[in-house]
Amino acid sequence: MREHVESSVELRGALLRLRRATGLPVVFGGLTHETRGLRIGELNGAVTPALRGLAISAGSGLGGKCLALGRPCAVTDYPSARHITHEYDGPVSAEGLRSVIAVPVVVRRKVRGVLYGALRDALPVGERVFDAAVAAARDLEQALAVRDEVREVLAPPPPGPSWEEVRQAYGELRELAPKVTDPELRERLLAVCGRLETASGAPSDLPGPALTPRETDVLAAVASGATNATAAARLGLRPETVKGYLRSAMRKLGAHNRLEAVVAARRAGVLP
């Protein structure tokens, strides 16, 4: 359910960018689902609910043709178009759409959704509108590809369920080390953390990002599921300071959010 909600947010954003870039009065789209197929889930500029929730079958209508061929398709006058089937004429006419373009969202050679743009007049869609629709689809493709990769990386690792306990212990050691006043003991604790990082299996011949100890402490807390406030309490820092360390770590790791930062850190061997 959470993945579906997050994907809907990304779809909504892609449609908003498409409408702003083209000035099209109506844009809409949907993503495929393993069991439900493709349904129109997001609309922008529609004046009726006729299209919402519409199930699109491969090969049927303009969107179905786009879905089956995996390439952009367009019609200048939907009701009279000869090269598509007309199962969806009712909802399309209820919304008053005439000129329509459909662009596939393709990830790993699989169509994952379709973006539509439409006019209420029978006018040809210009090249600028076409290019903007394709660009919006590419942006959504990239977002879905990143989400797929993150989900794969966070899948249970080969060592089994106990590996999460190792990560939990690592996080607790990172939180404890700065509080130890004995320098020798603190170094021993950090050495144990280093051994756990090495045990993560990340390639040792690749240089990792130069994170500071505090940036690593904050990432370890975030990896355990802690919020900024919780991490601050554990590490004896202010929430604003935690945010600063997290932003710095994200920048060094080339990450755009907390989840990507944890994934990148584990790949680089910075976290187990």
Next item on the list: Return the only residue of Val47, Val106, Val75, Val129 being touching a helix residue (DSSP H, G or I) at 6+ places or on another chain (Cβ under 8 Å) and surrounded by fewer than 15 Cβ atoms within 10 Å (Cβ to Cβ).
Entry: Val47
Notebook entry, point to check: Restricting attention to the range 191-202, does a residue exist that is among the polar types (S, T, N, Q), modelled with pLDDT of 80 or more and farther than 12 Å from Glu175 by Cβ?
Noted result: no
Notebook entry, point to check: Out of all the residues in the range 25-47, which are under 21 Å from Ala145 (Cβ atoms), small (Gly, Ala, Ser) and in a loop (DSSP other than H, G, I, E, B)?
Noted result: Gly41
Check: Do we find that Gly13 is modelled with pLDDT of 95 or more and outside any loop (DSSP other than H, G, I, E, B) in this structure?
Finding: no
Next item on the list: Could you grab me the full set of residues in the range 238-272 that are crowded, with 16+ Cβ neighbours inside 10 Å and either basic (Lys, Arg) or farther than 17 Å from Thr212 by Cβ (or both)?
Entry: Lys252, Arg258, Leu259, Glu260, Val263, Arg266, Arg267, Pro272
Note to self: Please return the ranges of helices (runs of 4 or more DSSP H) entirely within the range 204-268 where 1 or more residues are at pLDDT below 85.
What the structure shows: 213-223, 228-235, 258-267
Next item on the list: Tell me the strands (runs of 3 or more DSSP E) entirely within the range 48-148 that contain at least 2 residues that are of a type in the set (A, V, I, L, M, F, W, C), under 30 Å from Leu259 (Cα atoms) and under 25 Å from the mean Cα position of the chain (by Cα).
Entry: 99-107, 110-119
Notebook entry, point to check: Among the candidates Leu69, Leu97, which residue alone is buried (at least 21 other Cβ atoms within 10 Å of the Cβ) and either of a type in the set (Asp, Glu) or assigned by TED's automatic domain parsing to the domain that holds Ala145 (or both)?
Noted result: Leu97
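The values are calculated or read from the model by the stated rules, or taken from the named source; none is laboratory data. Values in this document were obtained by computation on a predicted structure and should not be read as measured data. Quick reminder, even Gly has a Cβ in these numbers, built from the backbone with ideal geometry, and neighbours come from all protein chains shown.
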